[in-house]
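Read the structure below first, then the notes.
Bear in mind that the values in this text are calculations on the coordinates, not laboratory data. Please read all numbers here as calculations on a predicted model, not as lab measurements. Using ideal geometry, Cβ is built from the backbone for each residue, glycine included, and neighbour counts are taken over all protein chains shown.
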Amino acid sequence: MGKNSEPSKGHVRSNREIWNVWADPSSNDLGAYVESGHKAWREDQPLWGIFQTPESEVGLLRDFKGGDVVELGCGTAYVSAWLARRGGNPVGIDNSPVQLSTAASFQKEFELDFPLIFGNAESLPFKDESFNFAISEYGASIWCDPYRWIPEAARVLRPGGQLVAFGNSVLLTLCSSWEDGSSAAESLRNSQFGMHRFEDTSDKSVEFHISHGEQLRLFRSCGFEVEDLIEVEPSLGAEETKYSFVDLEWASKWPSEEAWIVRKK
Ligand SMILES: C[S@@+](CC[C@H](N)C(=O)[O-])C[C@H]1O[C@@H](n2cnc3c(N)ncnc32)[C@H](O)[C@@H]1O
């Protein structure tokens, strides 16, 4: 573990509080997360991340063959819905009851049922070796402490099981401002050595981002073999998004999103 890899405390509660606000359709943004979740539930082809890059260009599910699936930080659970339609048996776990209630309403509307569990992805309520596939799209992958959630993902996966973790890139994190939320700069704003816990000073939300070297060693120490690190380029037709922290011009020059694909030995 690196010198700044002491497990973080208090972030699970503060992230639950902020996600309960962001996910509440009446509280801000006129239900932005409900609306984008609903759109994603309607899609047949997965569209990943902030720039909605199609699965055909990213390939996160290229090895997916069904089986028992866990989505870590499922939010509105559209990823679980996509996997259920591809022959998986998903379970979604999330730290925000408000997000889970949106997910449950979509299950009813789209007549697709699977377990949704209120819980913390850093301490999973599942037996060892329960799943064939684990995935997180901007869930545990950025909101949980990697030194806690990755060992848990390894524990609940069966030997040979795959983990896909998708979120902001390391480069974007280094070029971002955590004080004023302005768009990513074309210069480095944060130190890479010791990077781990990033708190937004205005809303108190806490994200985690570690360097590629740290991430690689962490996966290996948990018994994973690294199969790929995909740096995502927005599609030709991609559009600006509601997120102010990166614009399309930046993301078309450097990877703003990345995905690790790893397999338990
Ligand atoms: C961007 S959203 C979910 C991503 C999902 N793909 C979506 O957009 O609906 C991030 C989710 O991570 C969840 N989360 C944050 N911390 C968590 C934790 N410790 N355990 C489980 N879920 C967590 C939040 O509650 C939120 O629903």
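Brief remarks follow.
- Cα centroid of the stretch 115-152 to Cα centroid of the stretch 184-221, whole Å: 19
- When the Gaussian network model of the chain links Cα atoms closer than 10 Å, the mean-square fluctuations of Glu225, Glu71, Glu239 top out at Glu239.
- Lysine pair count for the chain with Cα-Cα distance under 21 Å and sequence separation of 8 or more or different chains is 9.
- Compactness of the chain, expressed as Rg and Dmax over alpha-carbon positions, Å: 17.2, 48
- GNM result for the chain, Cα springs below 10 Å: residue of Arg158, Arg86, Arg62 fluctuating most strongly: Arg62
- Positive contributions from Lys and Arg (+1) and negative ones from Asp and Glu (-1), summed over other residues with Cβ under 15 Å from the Cβ of Glu129, come out at +3.
- Cut-off 14 Å between beta-carbons: net charge of the residues surrounding Pro159, Lys and Arg +1, Asp and Glu -1: +1
- Highest mean first, the peptides 114-121, 128-135 sorted by other C-beta atoms within 10 Å per residue fall in the order 128-135, 114-121.
- Once C-alpha pairs closer than 8 Å and six or more residues apart are averaged by separation and normalised to the residue number of the chain, the relative contact order reads 20 percent.
- Relative to the Cα centre, the charge distribution of the chain, modelled as +1 at Lys and Arg Cβ and -1 at Asp and Glu Cβ, gives a dipole magnitude of about 1020 debye.
- Placed amide H near His196: partners under 5 Å, 5+ positions off or other chain: His209
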